[in-house]
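*Asks:* Once you've had a glance at the structure underneath, I'll fire off some questions.
Each reported figure results from applying straightforward, stated rules to the coordinates on display, with no laboratory input. Bear in mind that the values here come from a model prediction, so they are computed numbers and not experimental data. Neighbour counts run over all protein chains shown; Cβ positions are idealised from the backbone, glycine included.
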Amino acid sequence: MNDLSTLKNLILAPYMLKATALIGVARKVGGNQFRHSFATLGILFDYKYYDDSVLLKASLLHDILEDLNDNDLDEIRELDSDGTAVVDIVEEVTRKTTETKVEYLERQKNNSLRAKILKCADRISNLTDLHLDTHTSGKISQYLDQTEKYILPLAREVNSNFEKELIDLIIKRRKLCKIENDDFSI
């Protein structure tokens with residue numbers, strides 16, 4: 001199939017409806033987790049992953065377990081024939097309550113290809129939303145350090161264009177932090 005045919009046959013509606021539960025989950029940067037899910041989906045479209053319906057559907061629900069403690073995975077499995085595969089990816093990118101952030105990030109390197117792709121798209125969305133009016137320069141620097149150490153290697157593995165975008169976002173966010181630090185030292 002060509003790209004147009006692939007997109008015409010893509011059915012996301014059941015996952016979109018399930019994701020609407022995230023509308024009530026606020027983000028520190030403003031907005032809500034539903035929009036973040038759509039931003040992550042948009043990044044995957046931008047990188048032309050429209051031939052992977054499982055990955056696209058998982059992008060819409062990738063934060064649902066963490067943000068809603070929604071453990072009714074059978075409901076997702078029953079949405080359509082992709083449901084079980086979608087749940088598998090969502091579980092891979094979900095931080096377990098028993099994991100530290102570092103343990104979670106370390107685990108990502110052992111994920112499936114699809115989960116690694118999703119994690120990179122998720123991090124691009126998160127970095128795009130990272131600003132000094134919602135986070136301190138210290139928090140931003142820490143997040144950028146984590147991105148360099150744990151997410152860039154995933155990007156190198158799955159898509160060099162992810163790597164380029166992540167590096168660009170890291171550089172731009174580090175400049176913002178430096179500007180803030182320079183302003184306070186005057």
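*Asks:* Treat every Asp and Glu Cβ in the range 76-186 as -1 and every Lys and Arg Cβ as +1, leave all other atoms uncharged, and give the resulting dipole magnitude about the Cα centre to the nearest 20 debye.
*Replies:* Magnitude of the dipole: close to 340 debye.
*Asks:* Also: Amide H of Asn32: which non-local residues (sequence gap of 5 or more, or other chain) have their own amide H closer than 5 Å, using H built in the peptide plane?
*Replies:* For Asn32, whose amide H was placed from the backbone, the distant partners under 5 Å are Arg27.
*Asks:* Another question, then. Which GluC sites (Glu not before Pro) does the range 86-186 hold that lie in a coil by DSSP with at most 14 other beta carbons within 10 Å?
*Replies:* Answer in residue order: Glu99.
*Asks:* Ratio to report: Rg/Rh of the chain, with Cα atoms as the point set and Rh obtained by the Kirkwood method; give two decimals.
*Replies:* With Rh from the inverse mean 1/r over Cα pairs, Rg/Rh is 0.98.
*Asks:* Where in the chain is the longest stretch that carries no trypsin sites (Lys or Arg not before Pro) classed as loop by DSSP and with at most 13 other Cβ atoms within 10 Å?
*Replies:* On the way: sites that count: Lys28, Lys48, Lys96, Lys109.
Formally, the longest exposed-site-free interval is 110-186.
*Asks:* About its Cα centre, how strong a charge dipole does the chain have in debye, to the nearest 20, once Lys and Arg get +1 and Asp and Glu get -1 at the Cβ?
*Replies:* Numbers: 26 positive and 32 negative charges, 121 e Å.
Once rounded to the nearest 20, the dipole reads 580 debye.
*Asks:* Based solely on its DSSP helices, what 222 nm [θ] is calculated for the chain when runs of n ≥ 4 H residues each add -39,500 (n - 2.57) and the sum is averaged over all residues, nearest 500 deg cm²/dmol?
*Replies:* Taken over the chain, the calculation gives -19500 deg cm²/dmol.
*Asks:* Counting only C-alpha contacts under 8 Å and six or more residues apart, can you give the relative contact order of the chain as a whole percent?
*Replies:* Across the chain, relative contact order equals 18 percent.
*Asks:* How large is the dipole of the range 34-138 about the Cα centre if only Lys and Arg carry +1 and Asp and Glu carry -1, each at its Cβ, rounded to the nearest 20 debye?
*Replies:* The calculated dipole for the range 34-138 is roughly 540 debye.
*Asks:* With each pseudo-label sitting 7 Å past Cα toward Cβ, what's the Ile167-Asp46 distance in nm, one decimal?
*Replies:* 1.7
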